[in-house]
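**Student:** Sharing a structure with you now.
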Amino acid sequence: MNLMQLHSWIQNAMDYGVPQETILYLLLLPFVVTLVAIFRQVFGIKAFGIYTPTLITFSFLVVGVKYGIAIFFAVIAAGIFARLLLKRFRLLYLPRIAITLTLISFAILALLAFGGSVQRTGFAAMSIAPIIIMIALVEKVVAAQIESGTRHAILVSLQTLAISLVIYFLMDFPGFQELLMASPWIVLLTILINIAAGKWTGLRLNEYWRFRDLLK
């Protein structure tokens, strides 16, 4: 299949009823995960793997960045609070996570109710899928708390949010989306970019700051 056939194939998919938004998100996915990898491998910014910031980015694309950030902070705050609250009970991991998710669901319900009370209709109309995606990230936060402490978990959460926000604004740019739909073959460039990033052997950019005294 040549590059022109790729565009024709995507056009045929839309003619057969595949939503344009679905095709757009599938074309955006390679760029999103590539940028997450570059942030880690080249810039040295930590996140909860590649899967979590990718899902958060797409959640922002679906619900909007304003409501997405509100849900993100509500989930993180409730998750950290629940972890500290349940620590004294010495529960096994899965039951503890189940209770944590239960408490988070109440926190999200309270946030949605508050949004409705102040006439924020965007909260009331929010799809359940992005909310569930956000809630699912709490297991990563709890695991980071157990392994490295609350401060580390908060720091990585904020870095994950920062990566997701940067990628969101890049992916939400209308000109880029139009270019991607008109020339879907540019997705193939992400393979070359990842090959280059995968062979990166130099210091990460944040390490130049960490080791600045030694480098001098």
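The values are calculated or read from the model by the stated rules, or taken from the named source; none is laboratory data. Only a predicted model underlies this, so the values are computations on that prediction, with no experimental measurement involved. Note that each Cβ is placed from the backbone with ideal geometry, even for glycine, and that neighbours are counted across all protein chains shown. What goes into the accessible areas is simple: the full protein's heavy atoms, side chains included, and nothing from ligands, DNA or RNA. Shrake-Rupley method; radii C 1.70, N 1.55, O 1.52, S 1.80 Å.
**Student:** Does ALA162 satisfy the condition of being within 14 Å of the chain's Cα centre (by Cα), surrounded by fewer than 15 Cβ atoms within 10 Å (Cβ to Cβ) and within 30 Å of ILE10 (Cβ to Cβ)?
**Tutor:** no
**Student:** Would you call ALA162 closer than 24 Å to VAL75 by Cα, at pLDDT below 90 and part of a helix (DSSP H, G or I)?
**Tutor:** Criteria not met by ALA162.
**Student:** Inspect region 189-203 for any residue being closer than 16 Å to ALA37 by Cβ, in a helix (DSSP H, G or I), polar (S, T, N, Q) and open to solvent by 40 Å² or more (accessible area, probe 1.4 Å) and give the result as yes or no.
**Tutor:** The answer is yes, given that some residue of region 189-203 is closer than 16 Å to ALA37 by Cβ, in a helix (DSSP H, G or I), polar (S, T, N, Q) and open to solvent by 40 Å² or more (accessible area, probe 1.4 Å).
**Student:** Next question, about the same structure. Can you work out which of the residues in region 78-95 that are without any contact (Cβ under 8 Å) to a residue 12 or more places away in the chain and basic (Lys, Arg) is most open to solvent (accessible area, probe 1.4 Å)?
**Tutor:** Only one residue tops the list, namely ARG90.
**Student:** Within region 111-121, can you find the residues that are open to solvent by 100 Å² or more (accessible area, probe 1.4 Å), polar (S, T, N, Q) and assigned to a helix (DSSP H, G or I)?
**Tutor:** THR121
For (1) surrounded by 14 or more Cβ atoms within 10 Å (Cβ to Cβ); (2) under 19 Å from the mean Cα position of the chain (by Cα); (3) assigned to a helix (DSSP H, G or I), each residue gets a yes or a no:
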| site | (1), (2), (3) |
| --- | --- |
| LEU103 | yes, no, yes |
| LEU109 | no, no, yes |
| MET126 | yes, yes, no |
| MET134 | yes, yes, yes |
| GLU147 | no, no, yes |
| TYR168 | yes, yes, yes |
| VAL187 | yes, no, yes |
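**Student:** For region 67-77, indicate whether the set of residues that are hydrophobic (A, V, I, L, M, F, W, C), touching a Pro at 6+ places or on another chain (Cβ under 6 Å) and crowded, with 17+ Cβ neighbours inside 10 Å is non-empty.
**Tutor:** No.
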